[in-house]
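Here the structure comes first, spelled out in structure tokens, and everything after it is commentary.
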Amino acid sequence: MLRVDEVSVSFGGLKALDAVDIDVDTGQVTGLIGPNGAGKTTLFNVITGFQRPDNGEVLVDGRDVTHAGPKKRARLGLGRTFQRLEIFGSLTVLDNVLVALENGGLRGRHAREAGIDLLRRVGLERSALTQADVLPTGMARLLELARALACRPRVILLDEPSSGLDGTESAQLGRLLVDLAGEGMAVLLVEHDMDLVMRVCTRIHVLDFGRIISVGAPAEVRTDPAVQAAYLGGASTGAER
Amino acid sequence: MSQFLALTVAGIATYGCVYALTAMGLVVTYTTSGIFNFAQGAIGMIGAFLYWELSQVHGWPSWAAFTVVVLFVMPLLGAGLERILLRRLEHAGLEAQLTVTIALLLLGIAVATAIWNPSTARTVPPFFAGHQVSIGGVVLTWHQLIIVGASAAAAVVLRLFFYRTRPGIATRAVVDDRELTALTGAAPARYAELGWAMGCSLSAVAGILIASQINLDINNLTLLVVNGYAAAMVGRLRSLPLTFVGAIVLGLLQSYGVGYLPISVLWSDLEQVIPMLFLLVVILVLPQSRASLARRVRVRAPRVVGRRESLVRGTAFIGIAVVLAFTLNAASFSYANRGIALAIIMLSLTLLTGYGGQVSLCQLSFAGLGAFAMSKVGGTGGSLLGILAAVGLSAAVGAVVALPALRLRGLYLALATLAFAQGMDAAFFNNIDVFGVSLSLSVARPHLPLVSVTSDRRYFAFLCIVFTAIAIGLLALRRSRFGRRMLAITDSPSACLTLGVDMTRSKLAIFTLSAAIAGLGGALYGGAQSAVSPNDFPFILSLTLLLLAVAWGIRTTTGMLVGGVVFSLGSLLDAHLTHPRDAFALLVGVAAIGVSQNPEGPFGGRTVMRMWRDRAGRAGSPPSTSAEVPPGERLTSAAG
């Protein structure tokens, strides 16, 4: 569904992404992990059109969207949440979701009912009339997820959605992600909560110093020496890998 | 050839280098504090007046007066402003930052007006008067050589400071990442303070050096230094070399324009029009950064007034207005009618800036267009076609201004609208072909089909009804689908992009509708006074309008009503209070600074009771739960 092909991005002398390849398939939760500064959010920005790559291609359902803007990509079915929260703080929680639903053509009571359903799905229905900027971080992340889902994306990119959630809430989120994949969505998950990643992802890509150092099923990635070195600070460097 | 050489010398030595000095000052303050100093011109003007006071009134030698002003007074002023006022704005929204420096601009003018009577003519003799040199047949005064030398020296010294010294490099690091630099042991606030001290000093040098070339006039001097904005934008507020080049190009353009272009009715004031056109072009062709994931600024939005409440409030206000219409004395109506008409114009700011998050500094220009259309189309009978023309013309011009400006955000949009407003002042409002030889247009009150509103009392009631209708309409718009989208775009353009929201169409609609409201207000404002002149719509009053709107709560319609009436009463204050002169501007400036961080204003719905409740709620439970909806409660949302 989503294919990132040989994408490279440099900021001055720093190579943030170096010939990165990723496939995100329909019906699966695909993980993207890596230490801080590995380039995960930069890759999200490239995929959603906020950052133009120096090289490489981004394809959605076989269609090259490398030069399309974020709005066009959204209309082609790419949804995302942000690492640094981007909620509509002046609006209520329900209104946040309504903006997306109404942009998709729903109106009045139908939009409101759909909005409440989405909020219920992420566990925010009781906060529907709360102004969004007073939500704690964890709930605000769930609101971003609900808002992204309101666009009925075919591919959804989630940037640390469990940050700020407690164990129970994180487990609920995991079940939701598996459900979404089961409904035919392609999910790309950036996450620091390794339990969650290992539990819900079918396939995991590990990024370090802008390069993919490991790809595989959770059990394979977990035992990969290169991954352990990246996380535990092994002697090898990105250049050596 | 000799004319070309003379114009080139004048372009570089008279204007270009002065613009370079002030523009470099702007760049320095911006790069160290992240705040664009709208008051740069006013600060340069005050420096020039202080120099005049010391050298001409107190008889100090020129060098001593120059040294004291440039090396002691202005750096202290800059550092003081940064420490007392601007440091608090580090995490504030752009709206608050713009408001404070615009307030400083107006305050600077007001303070200067209070101290130095504007009707007194003053001149500053050039340095080394009478000394000149001839280079290649072109005569250069020593003063001009000093201007060139000072600007070149400032450029070189600043470049060396920022790239070759540890404090300079640390200053640049502060701009890139303030928090990260602080972690290395550097003190970002110190560098911002230093930047403001240098910026004010450079501005004063520019003011003093240009003062001898023109009359020492508060407004002229302020505006001339304001032209440095355009040069600073060439360097994108970061690059000193590009800023310097931009300043020289602007100086040359201005000099050649005045020398070669035929003086037509449209461009009768080329000296003012060229820098503004230059600024507009530079801003519009500057490559804008792609939608970025900007820092979030927490601005608490006011409570959304429901449909029933807005109708009840509106009806109550009309009731009060009718009572006032019968009880106010005849003399009060001129102020009251102007005030309500201004409040209608200010409602355009509630929509555009309060809801839409776009800062416009040209709303009175749209109002002036409305008054113009009402005068020309409405005729002496006040035909309703005039009102339609006022709305249509201002909306159309608003759309034309908005189209290229749509890709601009924040500061760039504010500067583009400022350039438009200044251009309108020079090319339209002060044009005798538009406003006639007397520079005055009579504007009739609208002729309604069933009831006459020509008397002051009835016109007052009519204006109040129009205000109420627009206010209720705006509140309904705020609660609507369009309103949600409007606030969403203001809060997070990036998130809107990922939802596929068409921001261009929404922004264009907001700008056009806002201009239309301002145009309608302008037509009715003209009717309130029976006539309008260019003095009713100068761009500087657009700034006052914005400050008043912010002071009274730009997101609230009640705030705009009070703001409009206060604006009108300001002229009453100035008429009766001889000392200090321009007392109203002083008050507005101080008030705007005071409340710039409270966009809710006094009418934003946070009553004393509610604030107490909020505080109690925060103390007892986390905010997210205190506002939750109890199970089973019907979800009506803001759209209800």
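Brief remarks follow.
- Some residue of the range B:143-164 being hydroxyl-bearing (Ser, Thr, Tyr) and farther than 22 Å from B:Val245 by Cβ: no
- Residues of the range B:486-505 that are part of a helix (DSSP H, G or I), among the polar types (S, T, N, Q) and either closer than 18 Å to A:Ala146 by Cβ or in contact with a Cys (Cβ under 6 Å, 6 or more places away or on another chain) (or both): B:Ser494, B:Thr498.
- Residue in the range B:366-422 that is nearest to the chain's Cα centre (by Cα), counting only those that are among the β-branched types (Val, Ile, Thr) and part of a helix (DSSP H, G or I): B:Thr417
- Here the condition is being within 14 Å of chain A (Cβ to nearest Cβ) and in a helix (DSSP H, G or I); of B:Phe462, B:Phe482, it holds for B:Phe482 alone.
- Being within 14 Å of another protein chain (Cβ to nearest Cβ) and aliphatic (A, V, I, L, M) is a property that A:Leu180 lacks.
Per-residue answers, yes or no, for (1) among the hydrophobic types (A, V, I, L, M, F, W, C); (2) crowded, with 17+ Cβ neighbours inside 10 Å; (3) without any contact (Cβ under 8 Å) to a residue 24 or more places away in the chain; (4) assigned to a loop (DSSP other than H, G, I, E, B):
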| residue | (1), (2), (3), (4) |
| --- | --- |
| A:Glu144 | no, yes, no, no |
| A:Arg152 | no, no, no, yes |
| A:Leu157 | yes, yes, no, no |
| A:Ser170 | no, yes, no, no |
| A:Gly174 | no, yes, no, no |
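- Residue in the range A:73-94 that is on the phi > 0 side of the Ramachandran plot, more than 9 Å from chain B (Cβ to nearest Cβ) and loosely packed, with under 15 Cβ neighbours inside 10 Å present: no
- Residues in the range A:95-109 that are under 19 Å from A:Val155 (Cα atoms) and either more than 7 Å from chain B (Cβ to nearest Cβ) or not hydrophobic (A, V, I, L, M, F, W, C) (or both) were compared, and the one that is surrounded by the fewest Cβ atoms within 10 Å (Cβ to Cβ) is A:Gly104.
- Among the numbered conditions (1) under 30 Å from A:Gln83 (Cα atoms); (2) part of a helix (DSSP H, G or I); (3) not charged (D, E, K, R), the only one that B:Leu561 does not meet is (1).
- Identity of the residue in the range A:119-135, without any contact (Cβ under 8 Å) to a residue 40 or more places away in the chain, closer than 22 Å to A:Gly174 by Cα and of a type outside the set (A, V, I, L, M), that ends up farthest from the other protein chains (Cβ to nearest Cβ): A:Arg120
- B:Val69 over 30 Å from B:Val133 (Cα atoms), touching a residue at least 24 places away in the same chain (Cβ under 8 Å) and of a type in the set (Val, Ile, Thr): no
- In the set (1) more than 8 Å from every other protein chain (Cβ to nearest Cβ); (2) in contact with a helix residue (DSSP H, G or I) (Cβ under 6 Å, 6 or more places away or on another chain); (3) closer than 16 Å to B:Leu499 by Cβ, the condition left unmet by A:Val65 is number (3).
- Filter result for B:Gly617 (at pLDDT below 70, on the phi > 0 side of the Ramachandran plot and within 14 Å of another protein chain (Cβ to nearest Cβ)): no
The values are calculated or read from the model by the stated rules, or taken from the named source; none is laboratory data. Given the structure is predicted, the values throughout are model-derived calculations rather than measurements. Counting neighbours? That spans all protein chains shown, and the Cβs are built from the backbone with ideal geometry, glycine included.
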